[in-house]
1. Taking strands (runs of 3 or more DSSP E) that fall entirely within segment 1-43, which contain at least 2 residues that are within 19 Å of Ala135 (Cβ to Cβ) and touching an Asp or Glu at 6+ places or on another chain (Cβ under 8 Å)?
2. Tell me which residues, restricted to segment 20-38, are within 7 Å of the ligand (Cβ to nearest atom) and of a type in the set (A, V, I, L, M).
3. Any residue in segment 118-130 that is within 16 Å of the ligand (Cβ to nearest atom), touching a Gly at 6+ places or on another chain (Cβ under 6 Å) and on the phi < 0 side of the Ramachandran plot?
4. What are the residues in segment 164-175 that are surrounded by 16 or more Cβ atoms within 10 Å (Cβ to Cβ) and in a helix (DSSP H, G or I), if any?
5. Hey, among Glu104, Glu11, which residue is over 22 Å from Val142 (Cβ atoms) and surrounded by fewer than 22 Cβ atoms within 10 Å (Cβ to Cβ)?
6. Considering segment 44-83 alone, what residues qualify as being assigned to a strand (DSSP E or B) and among the aliphatic types (A, V, I, L, M)?
7. Within the set of pairs 6 or more residues apart or between chains, which connect a residue that is closer than 13 Å to Asp108 by Cα inside segment 40-56 to a residue that is polar (S, T, N, Q) and within 6 Å of the ligand (Cβ to nearest atom) with Cβ atoms less than 8 Å apart?
Amino acid sequence: MSTPMNDQIFEAVVSTVAPGGQAHVAPMGIRYQEGGIVLMPFKPSTTHDNIVATGRAVLNIVGDTRVFAGCVTGRKLWPTHAAERIDGVRLACALRHVELELAERRDDAQRPVLRMRAVHEATHAPFAGFNRAQAAVIEGAVLVSRLHMLALEKVETEMSYLQIAIDKTAGPEEREAWQWLRAAVAQHHARAQERTS
Ligand SMILES: Cc1cc2nc3c(=O)[nH]c(=O)nc-3n(C[C@H](O)[C@H](O)[C@H](O)COP(=O)(O)O)c2cc1C
């Protein structure tokens, strides 16, 4: 029996600007497909609304995983620079950024598909290699972004496993990011207990 093929997804950070000028930063899974970059933001989403309103976004490839952990724990203000070819912003910590224009929108009540075309890209710093703690922070950030729909035991079990990579391979940025995620899980736990007591 053959295993079904999944889409290969890369975790990146998408920066957008609202029509009023307010910058917005959100981690997002991206697919390199259909000759472009495909984004699938769940509705409701500021990222989705900004792209539909302006037709633009910037894809940021980052090594500082505090952006992932920060965005899902209420730390959404990250230093940015103006984009070069489009009206937009890129993260100051981006190793590489790609400036995007909306090429095609397939709307959906829950998960629209936005196919973006690259109009400019630039590299700012080298990729340092894979780091298990960075991967653990990204997994932890996914768990925290889904706390409202996951069982507490599952979150605890997975965080305990991810802790191993943090203990063995984290640097200061990953330790700080992990602490934000742990605090968010603890707060969610405490609120759940309050509701049942
Ligand atoms: C690693 C990672 C990947 C994510 N990928 C997606 C995604 O593909 N689509 C989505 O809607 N949200 C994704 N999220 C969650 C969003 O970043 C988060 O919910 C965000 O608030 C999106 O809504 P916003 O544009 O209103 O900020 C991801 C979160 C993380 C940590």
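Derivation of every value follows stated rules applied to the coordinates shown; laboratory data play no part. Predicted model, so just to flag it, every value in this text is computed and none were measured. Here the Cβ is made from the backbone with ideal geometry for all residues, glycine too, and neighbour counts use every protein chain on show.
1. Working: elements: 10-17, 23-33, 36-39.
Of the strands (runs of 3 or more DSSP E) lying wholly inside segment 1-43, those with at least 2 residues that are within 19 Å of Ala135 (Cβ to Cβ) and touching an Asp or Glu at 6+ places or on another chain (Cβ under 8 Å) span 23-33.
2. The first filter runs over segment 20-38 and keeps only residues within 7 Å of the ligand (Cβ to nearest atom), leaving 24, 26-29.
Once the filter is applied, which keeps residues that are within 7 Å of the ligand (Cβ to nearest atom) and of a type in the set (A, V, I, L, M), segment 20-38 yields Ala26, Met28.
3. Start the filter on segment 118-130 by keeping residues that are within 16 Å of the ligand (Cβ to nearest atom), which leaves 130.
If we keep only those that are touching a Gly at 6+ places or on another chain (Cβ under 6 Å) as well, we get none.
Looking for residues that are within 16 Å of the ligand (Cβ to nearest atom), touching a Gly at 6+ places or on another chain (Cβ under 6 Å) and on the phi < 0 side of the Ramachandran plot, one finds none in segment 118-130, hence no.
4. The initial filter retains those residues of segment 164-175 that are surrounded by 16 or more Cβ atoms within 10 Å (Cβ to Cβ), namely 165-166, 170, 173-174.
Once the filter is applied, which keeps residues that are surrounded by 16 or more Cβ atoms within 10 Å (Cβ to Cβ) and in a helix (DSSP H, G or I), segment 164-175 yields Ala165, Ile166, Glu173, Glu174.
5. Values: Glu11 fails: over 22 Å from Val142 (Cβ atoms).
Exactly one of Glu104, Glu11 is over 22 Å from Val142 (Cβ atoms) and surrounded by fewer than 22 Cβ atoms within 10 Å (Cβ to Cβ), namely Glu104.
6. Filtering segment 44-83 for residues assigned to a strand (DSSP E or B) gives 56-62, 80-82.
Matches in segment 44-83: Ala57, Val58, Leu59, Ile61, Val62, Ala82.
7. Matching pairs, first to second residue: Pro41/Thr47.
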